[in-house]
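To start, the structure itself, in structure tokens.
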Amino acid sequence: MNKKFLITTALLTVIATPPAFSDQVITDDLIVVGNTCVGFDCTNNMVFGTEVLRLQENNTRILFIDNTAGDVLGQTWMMLANGSNNGGNNKFQFEARSLTKDAVLLSDGTYPALDCSLATGPPAPFPYVECLTTGFIPAGEPVLVQDLAPNYTNTVTVPWFTVSSGLYLGYAADSNVSIGADSENVTGAVSIGKSGLKRKLMHVAKALAATDLATVADIDELTDKLDAIDRQLNAIESAVNAIDGSPLFSSNGSLAPVGLLALAAVFLLRLTRQSPKGARQ
């Protein structure tokens, strides 16, 4: 065979063979002068703002793994931004999770409920009948998805990690905020626990506005004021009882002791009727 032909064939084979991509292991420090984008939606010559690091795709997640611990909840933490399912919640969340998928995926209230009883695909040849969406799976219940071929009419659970949310920040106006492991997500509320799991808020400032949270100190102060008013009312009652049936003036025209008590009672009554300084009338 012609030697020139063999060389030409070998060169064409090398040129036509697509490059092989593999993991890159860097055994020294990696220094990036400039910005970095990570994710399937990063593009060439993309324009950065002031961010140094950008995660850009449908599933923006950062996973933290402590290799010194066993497979226990809290060894692995994940930081999540927004739900990965279509129409999922706009949220920022920290959650502890197991290393392996030892549970099933639970709905956050945005996963569709499916009726696949008449489904014939996909990926059966077109045209095929898809599952019908009948609403949403309530939060906390297992997510059910269409089974693989040929069991198109079945729905199955999705294997998932055991998770416990440590921080949940919802974006919508009626969304929720939950703080602390196993805190219940309540729409339009800030939750720091749940039934059977109570937590305390510490170092809360004194309430000023009508919508501020009242502390024990605020209640104690109000109780002291009510006790003072109660003592004043008792003094008035004693004075009234002493006055009853007794002359206010003595025979020489001077004010009798009972009259002095009456004046004191009137004075205390006026004090109790006055609004505290700065209070609304």
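Observations, loosely collected:
- Out of every Cα-Cα pair that segment 23-110 contains, those further apart than 20 angstrom amount to 55 percent.
- Using θ = phi - 60° and Karplus 6.51 cos²θ - 1.76 cosθ + 1.60, couplings along segment 85-100 (whole Hz; Gly, Pro as x): 7, 4, x, x, 5, 7, 7, 10, 8, 10, 9, 7, 8, 6, 6, 10
- For VAL143, the residues whose amide H sits under 5 Å from its own are LEU105, LEU106, SER107, VAL158, ignoring neighbours fewer than 5 places away on the same chain, with H placed 1.01 Å from N.
Computed from the coordinates by the stated procedures, all read-outs in this text should not be read as laboratory data. Please read all numbers here as calculations on a predicted model, not as lab measurements.
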